[in-house]
Amino acid sequence: MSDTAARAPEDAVRQVSFIPGQNAPMSPHLQVWKFTVTMAASITQRITGGANAAGMALLVLWVASAAISESFYDAVTGFLGSWFGLVILAGFTLSVMFHMLNGLRYLGFDAGKGISRAASSNSGWAVFLLAPVLTAIIFFAGFTLGGAN
Amino acid sequence: MASSATKHFARQRMTAMIQVPLTIFLVIFAITMIGSTREEALAAFSTWWIAALLVAWFISVPLHMSIGIGDIIDDYLHKKGTRSLTHTLNSVYALLIGILGVGSVIAITLIA
């Protein structure tokens, strides 16, 4: 204590000793954050990425079932066409649309486009709005123009 | 994962750019396939350009998703054993998707 007090005032301000596990800051910090749309888009990109990876199993199942047998193909398409299957497909479509639109946004950022605070925030809101709109258009097209109709 | 950051950075963006047109194609293709029988599906899947686009899809997506999920594992799993096991499972899943997807499309072009 007497040591610190003896130093010049600006040194005393800089001299902070962190003890890991006691007062040292932790990173990544999961408890302290502020909501911004760019942050929401970022974490949603990760969540939808994981969901898309799971959805790929369905896509593979669809193509593989056609290769395997008629009864298996009918079972898979029957499941996908049931109300439960359609709910999963709607979620998968929404997830893919979000990931694609937000991914395009990140490709733009990589090219140095739209990285100002206002622009990145606006494009973030746009992605959250457009993803469900595109999903709705795809499902509308499926129910009206789809192969079965 | 951390030792190949530049390679993964480039590969993730490359596959992303490839997958944008492929995804648009796949959505439109899936809509046209609604209600089709297995015979119609086999005919569609074995059309040369549809088969080619599906193969491109099933190669690009496993590359993209294994890097993406690998990054999530690196960020959130800190125990060494758990992390390397999850990385292995991630690679196995991506390989399975790729092999089953490409394999099914090739099998269909052979039987149809």
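Just checking, which of A:Phe84, A:Phe72 is surrounded by 15 or more Cβ atoms within 10 Å (Cβ to Cβ) and of a type in the set (Phe, Trp, Tyr)? Steps first, please.
Details: A:Phe84 fails: surrounded by 15 or more Cβ atoms within 10 Å (Cβ to Cβ).
After ruling out the rest, the residue left standing is A:Phe72.
Among the listed residues A:Ser120, A:Ser116, which satisfies the condition of being more than 22 Å from B:Met65 (Cβ to Cβ) and touching a residue at least 40 places away in the same chain (Cβ under 8 Å)? Write out each step before concluding.
Values: A:Ser116 fails: touching a residue at least 40 places away in the same chain (Cβ under 8 Å).
Result: A:Ser120 is the single residue among A:Ser120, A:Ser116 that is more than 22 Å from B:Met65 (Cβ to Cβ) and touching a residue at least 40 places away in the same chain (Cβ under 8 Å).
Take A:Arg117 and tell me if it is surrounded by 14 or more Cβ atoms within 10 Å (Cβ to Cβ) and among the charged types (D, E, K, R). Before you say what the answer is, go through the steps one by one.
Details: surrounded by 14 or more Cβ atoms within 10 Å (Cβ to Cβ): no; among the charged types (D, E, K, R): yes.
No.
Report the residue count in segment B:1-36 for those that are of a type in the set (Ser, Thr, Tyr) and modelled with pLDDT of 95 or more. Give the derivation first.
Within segment B:1-36, the first condition is being of a type in the set (Ser, Thr, Tyr), and the residues that meet it are B:3-4, B:6, B:15, B:23, B:32, B:36.
Then drop every residue that is not modelled with pLDDT of 95 or more, which leaves B:15, B:23.
Summing the residues that are of a type in the set (Ser, Thr, Tyr) and modelled with pLDDT of 95 or more in segment B:1-36 gives 2.
Before we move on, is B:Gly103 surrounded by fewer than 18 Cβ atoms within 10 Å (Cβ to Cβ), assigned to a helix (DSSP H, G or I), modelled with pLDDT of 95 or more and not aromatic (Phe, Trp, Tyr)? Steps first, please.
Details: surrounded by fewer than 18 Cβ atoms within 10 Å (Cβ to Cβ): yes; assigned to a helix (DSSP H, G or I): yes; modelled with pLDDT of 95 or more: yes; not aromatic (Phe, Trp, Tyr): yes.
So B:Gly103 passes the test.
Residue check: is B:Ser36 more than 8 Å from chain A (Cβ to nearest Cβ) and either buried (at least 16 other Cβ atoms within 10 Å of the Cβ) or within 24 Å of A:His99 (Cα to Cα) (or both)?
On the way: more than 8 Å from chain A (Cβ to nearest Cβ): no; either buried (at least 16 other Cβ atoms within 10 Å of the Cβ) or within 24 Å of A:His99 (Cα to Cα) (or both): yes.
No; evaluated as a whole, the condition is false for this residue.
Can you pull out the residues in segment B:59-109 that are of a type in the set (Ser, Thr, Tyr) and farther than 21 Å from B:Arg13 by Cβ? It would help to see each step written out before you state the result.
Going through segment B:59-109, the residues of a type in the set (Ser, Thr, Tyr) turn out to be B:60, B:66, B:76, B:82, B:84, B:86, B:88, B:91, B:93, B:104, B:109.
Result: B:Tyr76, B:Thr82, B:Ser84, B:Thr86, B:Thr88, B:Tyr93, B:Ser104, B:Thr109.
Mind listing whichever residues of segment A:123-147 are part of a loop (DSSP other than H, G, I, E, B) and either under 23 Å from A:Gly55 (Cα atoms) or touching a residue at least 12 places away in the same chain (Cβ under 8 Å) (or both)?
Scanning segment A:123-147 gives A:Gly146, A:Gly147.
The values are calculated or read from the model by the stated rules, or taken from the named source; none is laboratory data. Note that this is a predicted model, so its numbers are computed, not measured. All Cβ positions, glycine included, derive from the backbone under ideal geometry; neighbour counts span all protein chains shown.
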